[in-house]
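The values are calculated or read from the model by the stated rules, or taken from the named source; none is laboratory data. What you see is a predicted model, and the numbers here were worked out from it, not measured in a lab. Every residue, glycine among them, receives a Cβ derived from its backbone with ideal geometry; neighbour counts consider all protein chains shown.
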């Protein structure tokens, strides 16, 4: 072990651990980071393939490929020198643990220790990790590599229902997890779509499409239109949507495979929004009675599916209570 005891009164120097985000383009470092790099007596990096190194060297920063122990750093800092360690993607746990051990021993004079983030993740940056993970899974996983849009369709429905259940239960941890599962379905389908020979598209195309749609349908946010109430916002949305879709019927675009109560409520909503006078069918039978109830719920601002689920939960609890 090196003798790291500094002479009495001798400057102990400074160690700067420089961290960067792999989700930000290399070279885009903060001004304090560039200052620390330029003022350092030595700049060390254990990873010779670190993405920042070409940009640091282009800027005239001499970087040594080295993985020093904590004792080595103290020796390098002796006399008041500054050493910057460019952290690898995994961080430097062995180095920081070693420095903490030395500091806790009380036997050595420690240099000034500083953790300096050189670049920060922007909001949404972890989505890039998800895309990279999905890309690798698609290439290397025997199950995921064989999936198709049709094969995954049932999982999209299941995940959507599990998300609704988490919302209705008020479980925040479950909500976060289920949102991730729904997001996975979007990324998975987009990854599969990249392989289509006739009409490929990527997750960036998916995002670009929804961004364009949101901007176009919110002229009161991104344009000169004015909307001060939710009703006015909805009116803007419906007008722009009507121009975009050029539909022949108010029923166009309503998925007929959705649950029956939701389908009935959606039809009722479209009829009411369009100002049409279309009486409900007068035929007899449980289906027509349910249709009438769904239309009534929609008119009163009630989601019939949610209302039925809430009643079913009460019934489930009653069943369990009786079983006891």
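Observations
- Within the stretch 294-324, the set of residues being under 16 Å from residue 269 (Cα atoms) and free of Cβ contacts under 8 Å to residues at least 24 places away in the same chain comprises 296, 300, 301, 302.
- Of the candidates 227, 295, the single residue that is within 23 Å of residue 210 (Cα to Cα) and not assigned by TED's automatic domain parsing to the domain that holds residue 158 is 227.
- Test for residue 226: is it in a helix (DSSP H, G or I) and more than 30 Å from residue 166 (Cβ to Cβ): no
- Considering residues of the stretch 180-206 that are exposed (fewer than 12 other Cβ atoms within 10 Å of the Cβ) and within 13 Å of residue 148 (Cα to Cα) only, the residue farthest from the chain's Cα centre (by Cα): 196
- The one condition in (1) over 30 Å from residue 314 (Cβ atoms); (2) without any contact (Cβ under 8 Å) to a residue 24 or more places away in the chain that residue 135 fails to fulfil: (2)
- Residue within the stretch 288-296 that is exposed (fewer than 15 other Cβ atoms within 10 Å of the Cβ) and not in a helix (DSSP H, G or I) present: no
- Test for residue 177: is it closer than 23 Å to residue 306 by Cα, assigned by TED's automatic domain parsing to the domain that holds residue 148 and either at pLDDT 95 or above or exposed (fewer than 15 other Cβ atoms within 10 Å of the Cβ) (or both): yes
- Residue 310 vs. criteria closer than 26 Å to residue 232 by Cβ and either assigned by TED's automatic domain parsing to the domain that holds residue 165 or in a helix (DSSP H, G or I) (or both): no
- Count of residues meeting criterion [in contact with a helix residue (DSSP H, G or I) (Cβ under 8 Å, 6 or more places away or on another chain) and either surrounded by fewer than 20 Cβ atoms within 10 Å (Cβ to Cβ) or not assigned by TED's automatic domain parsing to the domain that holds residue 105 (or both)] in the stretch 48-59: 1
- Looking only at the stretch 219-237, and only at residues there that are in contact with a helix residue (DSSP H, G or I) (Cβ under 7 Å, 6 or more places away or on another chain) and exposed (fewer than 14 other Cβ atoms within 10 Å of the Cβ), the one that is modelled with the highest pLDDT: 222
- Yes/no for residue 198 being without any contact (Cβ under 8 Å) to a residue 24 or more places away in the chain and part of a helix (DSSP H, G or I): no
- Of all the listed residues (291, 276), the sole one being touching a residue at least 24 places away in the same chain (Cβ under 8 Å) and farther than 25 Å from residue 160 by Cβ is 276.
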